[in-house]
Amino acid sequence: MSVAIKLVSCAKTFADGTRAVGPLDLEIPPGETIVFLGPSGCGKTTTLRLIAGLESPNPGGRVLFDEADVTEISIERRNVGMVFQSYALFPNMTVGGNVEYGLRVRKLPAAARAARVEEMLGMMKIGELRHRRVDQLSGGQKQRVALARALAPQPRVLLLDEPLTALDAKLRDALRVEIDALLRRLRMTAVYVTHDQAEAMALGDRIVVMSQGQVAQVGRPRDIYFAPQSRFVAEFVGTMNRLHGVVRNGHLEVMGGRVPWRGRGGGEVEVLFRPERAAIVEAGAGQVKGRVATSFFLGDRTRLLVEGVSSGTLVVETTDRRDWEPGQDVHLVIDPDALLTLDR
Amino acid sequence: MSVAIKLVSCAKTFADGTRAVGPLDLEIPPGETIVFLGPSGCGKTTTLRLIAGLESPNPGGRVLFDEADVTEISIERRNVGMVFQSYALFPNMTVGGNVEYGLRVRKLPAAARAARVEEMLGMMKIGELRHRRVDQLSGGQKQRVALARALAPQPRVLLLDEPLTALDAKLRDALRVEIDALLRRLRMTAVYVTHDQAEAMALGDRIVVMSQGQVAQVGRPRDIYFAPQSRFVAEFVGTMNRLHGVVRNGHLEVMGGRVPWRGRGGGEVEVLFRPERAAIVEAGAGQVKGRVATSFFLGDRTRLLVEGVSSGTLVVETTDRRDWEPGQDVHLVIDPDALLTLDR
Amino acid sequence: MARLVAVAAGGPAGLAAYGVIVTEPRYLRSLVSTVVLAAVVTALTLVIATIAGVFLQRNRFPGRSVLVAMLTFPLAFPGVVVGFMVIMLAGRQGLIGDLTRLVTGERLVFAYSMAGLLTGYLYFSIPRVILTVMAAAEKLDPRLEEAARSLGASSWQVVRDVIVPGLRPAFLSAGAICFATAMGAFGTAFTLATEIEVLPMTIYTEFTLRANIVVAAALSIILGGITWLALALARTAAGSSVAASA
Amino acid sequence: MARLVAVAAGGPAGLAAYGVIVTEPRYLRSLVSTVVLAAVVTALTLVIATIAGVFLQRNRFPGRSVLVAMLTFPLAFPGVVVGFMVIMLAGRQGLIGDLTRLVTGERLVFAYSMAGLLTGYLYFSIPRVILTVMAAAEKLDPRLEEAARSLGASSWQVVRDVIVPGLRPAFLSAGAICFATAMGAFGTAFTLATEIEVLPMTIYTEFTLRANIVVAAALSIILGGITWLALALARTAAGSSVAASA
């Protein structure tokens, strides 16, 4: 049931002349969950809409489902399931009516419709909401109904456009877990659009990081996180610290001390590293020394903003239960292998 | 300039008979940042509005600013600064006009007004927005303007009602850091209302956890996190795992194994523990054994949902870079000191 | 208004004044034809204005903004002027008459018939409803339509299941206002001096020319009652403040 | 409509038809008094309706919902009936006359004067504008007011700096509609048969009774032009679809 999707030199220029998506090529194997990640205006939603058939690519671009060219086939006949940020439930129908809609327009017999609606409501654990009006639902319930509705006609691909953005943090986490479990169980090709990097990393088999209509990097979440290919990707995904200094005698000399340098090149450089690659140590054992600007107790961890090591502020996290006061000295060891030099 | 605030048996029953806040007593020392935390409808905003003077307590309740009873004094003469979730900027005035408003209604001379507006815009780093219309601002800029406007007339206390809820995750984190720095620098008494526990822990000198109009617990963030006094507080603040089992021969026996038991009592119990108090170990070294239900790669950590240890799912986090597959066995050691027995 | 009721009921025949209206053919005919006229105008207006309104909202073409701006013109002309225009178009010396004489050799004159009245009322009501429909269509969430299409709905099914239900409050509100306006329109009918006597004209005649205050009061109450009922029904059905946009 | 312009300009005196209106005192008086009447009605309506509307929106009291429901009544009555009611109230045999004779010994009769016309127009326009103001007041963010008060603004300053600016679009829209309606009202004026001749009546008289089509056309154009200008100005100032709520 699930299909492979292929985009071949798909570009989209809108009527007003703005180029939303530069020509891009992409293959999505059947059953994969792929996440388009990027800031607003990067073209991720437009790409989703090209796959859905809500937008047509510029001449020359092609969209293939399992090698069949669907570029000219309109969305009603592409058999795709869509879930929107704004839920887009039909307000004039009940929950059951919404889920049934895709079956009704396909003219399925009543008994088959009822059975499928039952199955979908059960799967999304909303059986008891069947007769509710959609305006009586909470945001989380609405999104469950939207998922049930999209899946009811057994679509070939599920397209999700920021489905969790309108929900609050706790609900977002809970529904993210459920969507993940659902996608793994159904083994359905799914395209998920989000601007939230945590969501992208948690859900995606692969992530497509986009910037200004172009693909910045494609890869598994850990490739994107541990081996970003550009400064944009490095800073958009997760937290990055910057160290500005001079390479001299095998060390990177910064304001607050020096770190062993294993990279090539020399002279003035700016390198990046992730907060978890720096460890807080006792005075004397540290490579660099800084000053606590602020500390945030996060429960399982404490996040420190450290001044005085480089020109900016560094973010460091620690799991010890000490109380950190602003102004206090802090000594750090930074893993020399964690230093990334990225030009772009 | 900053005052101590005291609430004396303040209750609030609305016209329709609902009791929003049960009688509560609270002292806020001068210069403290106190956070009211709780789910929606818990009475936290009503309490803030009692302090502001936007609501009057039921007869018998009193609000004191530095020992002076202000219960009968209306908000216009209490000299409080307010910041709302919806920003509430005056759409018919420019950014400068908004910041100036509190000075204008106080009939300050024009030169003094201009100087103070300048100072506030500089403090919030929005000097270049001075002549903008407020509908041309982003959400983050709007909230900076709202802060500048609230602080311009040098209020005695700053009241913030979910100021970051309308912003997206990255912006929320950035502005949270700035608000924290601002409050520390000004040493102003501040009351902050939020439903986000991470925000509460990061910002509050003390947190007042509320539930159904009552105070569930008051304390420093680490008291609330490490020593919750009730099941409600434990589960609302941070993540909590539940273990259901039977105490026998000095051990808590659960589905997936047994954990040393140092508590009192025996028989069937349900205990709670934080995810970071469980460690993943090699096969054989574990006290309990479970199965990975799902794993979420979060970048610096991987979060595992583990089945088969107790009746529900446990959340465990690990910083190793291994790939976890659903169905894989996982062996855990749980710190016996971390097990909390909470009845309520 | 209470006085109106009192006058109607307190007349020589008491409550029988209301009976007269049903029994006297002239009053009954006037009442029926007014209600029928108003209903027909409302139905025609809704159909024409919805198609035009949704089309104008969805499509961008050269001259569109000029056309939309022109839709506000008819709002500026009172009923008397509208009647006047209908006569100039379809009256004895009218434009349509001149044209049809050239083509068919016979003058088409319909200004003074039901058709003329209908033309005048439609001229007034259609632009107004088009603007309401356009405003409502603008507020429809385009995602709803996209969701329906992704589920396999054809264009016709999208119209039936998404667009029409979405415009329902606007329909009810615009329809009620349209009906109320048509029920009460006086200037147009008066100017056209048609063969059809509409209720406001009957009231005027009874009151001013015949000094038959009792019947005039009873007719006023009936006219007001029917119109208010239409507004109230629409308000209940739409659940929103229909009257506020009146 | 183009034909109207052509008729006006193509008459015996050409464009001079427009000149006649300015020079002939009867037409000029009718034009000026109509504009003045419409402007006065609009101003009075806005002031009264705003105070009543904001009060009704803010305060809950027994009977409030009945009062609000009653506000929709006047919308159901056409101008003819309104004129009729004014006569019954303030006419020669009217209620007010009866009352004042009892109190002062003299009958107060103002139905046929400017005051009567004003009463009729206000009766029609105030409820409509109250409903618009209430709808707009409901949409005002109460946090804006609270923010102003927290900054030290007195009640009067809150009204001046928050409420009035917030209601501005509703004012402009309601005011324009009110003005347009008053400019074109025919039934009320006709029924009252007042000493003041309003423009739609003049047009009717010229066209139907005197067959002076050229002047009638010119007057229609001027009436339509002024009204459309008022609507267009309000639309530009409010920036929203004023006409849609007409």
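The values are calculated or read from the model by the stated rules, or taken from the named source; none is laboratory data. Every value quoted in this text rests on a predicted model; they were computed, and no experiment measured them. So basically every Cβ, Gly included, is an ideal-geometry build from the backbone, and we count neighbours across all protein chains shown.
For the stretch C:207-229, the set of residues classified as under 15 Å from residue D:192 (Cα atoms) and buried (at least 23 other Cβ atoms within 10 Å of the Cβ) consists of C:207, C:216, listed by residue number. Per the listing A:13, A:18, A:33, the residue uniquely in contact with a strand residue (DSSP E or B) (Cβ under 6 Å, 6 or more places away or on another chain), within 22 Å of residue C:60 (Cβ to Cβ) and β-branched (Val, Ile, Thr) is A:13. Within the stretch B:304-339, being within 30 Å of the chain's Cα centre (by Cα), more than 14 Å from chain A (Cβ to nearest Cβ) and β-branched (Val, Ile, Thr) holds for one residue alone: B:334. There is at least one residue in the stretch C:144-151 that is at pLDDT 85 or above and more than 8 Å from every other protein chain (Cβ to nearest Cβ). Assess whether residue D:168 counts as being within 12 Å of chain C (Cβ to nearest Cβ), among the basic types (Lys, Arg) and touching a residue at least 24 places away in the same chain (Cβ under 8 Å). No. Filter the stretch B:292-308 down to the residues that are farther than 17 Å from residue B:239 by Cα and out of contact with any helix residue (DSSP H, G or I) (no Cβ under 7 Å at 6 or more places or on another chain) and list them by number. Matches in the stretch B:292-308: B:292, B:293, B:308.
On the basis of being part of a strand (DSSP E or B), out of contact with any helix residue (DSSP H, G or I) (no Cβ under 9 Å at 6 or more places or on another chain) and in contact (Cβ under 8 Å) with a residue 12 or more places away in the chain, does residue A:81 make the cut? Considered against the rule, which asks whether it is part of a strand (DSSP E or B), out of contact with any helix residue (DSSP H, G or I) (no Cβ under 9 Å at 6 or more places or on another chain) and in contact (Cβ under 8 Å) with a residue 12 or more places away in the chain, residue A:81 comes out as no.
For first residues located in the stretch A:219-230 and within 12 Å of chain B (Cβ to nearest Cβ), partners that are assigned to a helix (DSSP H, G or I) and surrounded by 15 or more Cβ atoms within 10 Å (Cβ to Cβ) and lie 6+ apart or on another chain with Cβ distances below 6 Å form the pairs A:221/A:201; A:228/A:234.
Within the stretch B:148-190, the set of residues being among the β-branched types (Val, Ile, Thr), within 16 Å of the chain's Cα centre (by Cα) and under 18 Å from residue B:99 (Cα atoms) comprises B:179 only. Taking the stretch B:1-75 and the strands (runs of 3 or more DSSP E) fully enclosed by it, the elements with 3 or more residues that are under 25 Å from residue B:196 (Cα atoms) and among the charged types (D, E, K, R) are at B:19-28. For the residues B:191, B:208, B:157, B:145, the requirement of being in contact with a Phe, Trp or Tyr (Cβ under 8 Å, 6 or more places away or on another chain), closer than 28 Å to residue A:39 by Cα and modelled with pLDDT of 90 or more singles out B:145. Here is a check on your reading of the model: is residue C:203 surrounded by fewer than 23 Cβ atoms within 10 Å (Cβ to Cβ) and either touching a Leu at 6+ places or on another chain (Cβ under 9 Å) or at pLDDT below 75 (or both)? So residue C:203 does not fit the description; no. Scanning the stretch B:276-300 for residues that are of a type outside the set (Gly, Ala, Ser) and at the interface with chain A (Cβ under 8 Å from one of its Cβ atoms) yields B:276, B:294, B:296, B:297, B:298, B:300.
Annotation: residue C:244 fulfils all but one of (1) of a type in the set (A, V, I, L, M, F, W, C); (2) farther than 30 Å from residue D:138 by Cβ; (3) modelled with pLDDT under 80; the unmet one is (2).
Scanning the stretch D:197-241 for residues that are assigned to a helix (DSSP H, G or I) and polar (S, T, N, Q) returns D:202, D:205, D:208, D:220, D:227, D:236.
Looking across the stretch B:147-174 at every residue that is in a helix (DSSP H, G or I) and facing another protein chain (nearest Cβ under 8 Å), the one that is nearest to residue B:130 (Cα to Cα) is identified as B:149. Looking only at residues of the stretch A:84-105 that are in contact (Cβ under 8 Å) with a residue 60 or more places away in the chain and more than 7 Å from chain C (Cβ to nearest Cβ), we find that the one that is farthest from residue A:160 (Cα to Cα) is A:89. Applying the selection to the stretch A:283-328, what residues are surrounded by 16 or more Cβ atoms within 10 Å (Cβ to Cβ) and at positive phi? Within the stretch A:283-328, A:299, A:308 qualify. Residues in the stretch D:206-225 that are within 22 Å of the chain's Cα centre (by Cα) and more than 8 Å from chain C (Cβ to nearest Cβ): D:219, D:221, D:222.
Residue B:21 meets the conditions (1) crowded, with 22+ Cβ neighbours inside 10 Å; (2) away from chain D (no Cβ under 14 Å); (3) more than 16 Å from residue B:214 (Cα to Cα) in every case but one. The failed one is (3). For the stretch B:262-275, the tally of residues that are under 33 Å from the mean Cα position of the chain (by Cα) and more than 11 Å from chain A (Cβ to nearest Cβ) stands at 8. Can you name the residue in the stretch D:172-199 that is modelled with pLDDT of 80 or more and more than 14 Å from chain C (Cβ to nearest Cβ) and is also nearest to the chain's Cα centre (by Cα) among such residues? Out of the qualifying residues, it is D:175. Need the failing condition index for residue A:182 against (1) at the interface with chain B (Cβ under 10 Å from one of its Cβ atoms); (2) touching a residue at least 12 places away in the same chain (Cβ under 8 Å), just the number. In the conditions (1) at the interface with chain B (Cβ under 10 Å from one of its Cβ atoms); (2) touching a residue at least 12 places away in the same chain (Cβ under 8 Å), residue A:182 misses (1) alone. Going by the conditions given, is residue B:238 more than 33 Å from the chain's Cα centre (by Cα) and at pLDDT below 90? Here the answer is no, as residue B:238 does not meet what is asked. When the test is whether a residue is facing chain D (nearest Cβ under 10 Å), hydrophobic (A, V, I, L, M, F, W, C), under 16 Å from residue C:39 (Cβ atoms) and in a helix (DSSP H, G or I), residue C:136 does not pass it. Quick check: is even one residue across the stretch A:106-127 among the small types (Gly, Ala, Ser), within 11 Å of chain C (Cβ to nearest Cβ), under 17 Å from residue C:151 (Cα atoms) and out of contact with any His (no Cβ under 8 Å at 6 or more places or on another chain)? No, the conditions are met nowhere in the stretch A:106-127.
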